[in-house]
């Protein structure tokens with residue numbers, strides 16, 4: 001994941017306004033820089049059963065098909081997010097039942113069948129870490145959408161608050177507030193699930209961002 | 001974001017915001033001072049901070065694992081505009097249909113003579129040998145079109161052809177032109193597919209052709 005790269009994505013051959021096709025190399029570089037967080041957006045919006053790889057391919061195909069129309073590289077992130085959300089929602093509307101992949105998690109909290117990533121048995125400690133990560137992931141997926149998406153985006157390595165704000169079309173301060181609240185919700189859910197007491201003395205709640 | 005309550009105690013949002021900044025490694029010195037002040041009154045803060053940091057690391061692991069498939073998803077090839085060669089090849093495909101229809105009509109149709117008279121046939125199989133060498137291609141085509149008009153398999157012909165090449169004749173008078181002559185034919189088929197796209201390997205993907213009129217205009221020249 002690269003950061004701050006929007007200034008160097010000349011999709012079009014020039015900026016004269018002609019409908020020249022995008023520079024394939026620049027387009028590919030842009031896709032490689034952004035596809036991880038696009039996957040995170042899809043993860044936040046797709047139905048649990050929808051195949052993430054299929055949806056990513058749909059977004060990639062849309063990017064190629066529409067590349068000549070992308071005049072403003074700075075708007076690429078918000079454009080990609082819109083395409084990703086549309087793809088995820090369309091999948092939901094179509095109600096297509098796809099094969100579950102090992103990493104797809106059921107949104108209702110039930111345990112999805114997870115296939116091993118390789119044929120070697122995982123070490124117990126590594127397995128426990130992976131299971132705990134999946135448990136937190138399940139909880140994050142159950143958060144309200146307005147908190148779930150920024151929280152997942154912040155968990156993508158390399159994304160800054162400014163970049164998340166560009167993707168979501170929100171001020172950086174709003175992104176920061178939502179992520180802070182999402183973390184509190186996640187922590188409280190995790191504590192409730194394990195019966196751990198909260199270390200916090202009750203304070204008043206802030207207003208919605 | 002609210003800041004403090006009436007007793008100077010940070011509200012829930014500010015407490016969480018300060019913790020969030022620590023988790024992301026962007027807490028300022030002032031943020032730390034603030035946080036220590038809260039921690040002095042509320043020791044549970046440090047436990048919450050530790051748990052929140054643990055949750056964040058686990059969430060990062062979850063997201064990394066869930067989205068790693070993205071690294072294997074490459075951009076598809078952009079659709080290549082049709083070259084002249086592609087267009088000529090496409091014409092050749094349909095030209096093949098036209099030639100095949102002409103030959104079939106010439107061989108299997110009614111007995112045709114150069115003069116256009118039908119021979120009386122005593123052949124029980126209904127097939128009479130026809131010496132095609134006596135026919136020029138244009139005559140055969142003309143006969144095929146005439147026959148097609150009669151049986152409804154050639155409802156018309158577009159008035160405008162597609163010029164491929166034009167050369168002046170060596171005699172200095174006139175031109176030799178090569179053009180596509182669009183003949184409208186009607187056939188009954190079992191399947192109707194077209195190939196508007198290709199898969200990852202470049203193989204054509206068949207899709208049903210939408211039913212109904214494909215053009216808004218009708219043939220302008222009936223036979």
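Mind listing whichever residues of region B:22-43 are over 17 Å from residue A:180 (Cα atoms) and part of a helix (DSSP H, G or I)?
Those that are over 17 Å from residue A:180 (Cα atoms) and part of a helix (DSSP H, G or I): B:29, B:30, B:33, B:36, B:37, B:39, B:40, B:41.
Where residues in region A:67-96 are in contact with a helix residue (DSSP H, G or I) (Cβ under 8 Å, 6 or more places away or on another chain), at pLDDT below 85 and part of a helix (DSSP H, G or I), which of them is surrounded by the fewest Cβ atoms within 10 Å (Cβ to Cβ)?
Checking each candidate, the answer is A:74.
Taking the conditions exactly as written (under 19 Å from residue B:21 (Cα atoms), touching a residue at least 40 places away in the same chain (Cβ under 8 Å) and either facing chain B (nearest Cβ under 9 Å) or surrounded by fewer than 24 Cβ atoms within 10 Å (Cβ to Cβ) (or both)), does residue A:152 satisfy them or not? Break it down into steps so the answer makes sense when it comes.
Working: under 19 Å from residue B:21 (Cα atoms): yes; touching a residue at least 40 places away in the same chain (Cβ under 8 Å): yes; either facing chain B (nearest Cβ under 9 Å) or surrounded by fewer than 24 Cβ atoms within 10 Å (Cβ to Cβ) (or both): yes.
Criteria met by residue A:152.
So, in region A:52-65, how many residues would count as being more than 8 Å from chain B (Cβ to nearest Cβ) and surrounded by 20 or more Cβ atoms within 10 Å (Cβ to Cβ)?
2
Quick check on my filter: what residues within region A:154-173 are in a helix (DSSP H, G or I) and more than 16 Å from residue B:26 (Cβ to Cβ)? Working first, answer last.
If we filter region A:154-173 for residues that are in a helix (DSSP H, G or I), which is where we start, we get A:154, A:161-168, A:172-173.
Hits for region A:154-173 are A:166, A:167, A:168.
Filter region B:192-203 down to residues that are in a loop (DSSP other than H, G, I, E, B) and at pLDDT 75 or above, then give me how many there are. So that I can check it myself, show each step before the final result.
Taking region B:192-203 as the starting set, the residues that turn out to be in a loop (DSSP other than H, G, I, E, B) are B:192, B:199-203.
Now narrow it down to the ones that are at pLDDT 75 or above: B:192.
Here the count works out to 1.
What number of residues within region A:155-176 satisfy the criterion of being more than 7 Å from chain B (Cβ to nearest Cβ) and either closer than 20 Å to residue A:83 by Cα or touching a strand residue (DSSP E or B) at 6+ places or on another chain (Cβ under 6 Å) (or both)?
Qualifying residue count, region A:155-176: 9.
Identify all residues within region A:162-176 that are closer than 27 Å to residue B:44 by Cβ and surrounded by fewer than 23 Cβ atoms within 10 Å (Cβ to Cβ); write none if there are none.
Taking region A:162-176 and keeping what is closer than 27 Å to residue B:44 by Cβ, we get A:173, A:175-176.
If the condition is that a residue be closer than 27 Å to residue B:44 by Cβ and surrounded by fewer than 23 Cβ atoms within 10 Å (Cβ to Cβ), then A:173 is the only one that fits.
The values are calculated or read from the model by the stated rules, or taken from the named source; none is laboratory data. Since we're looking at a predicted model, the values are computed, not measured. Virtual Cβ from ideal backbone geometry, glycine too; neighbours counted across all protein chains shown.
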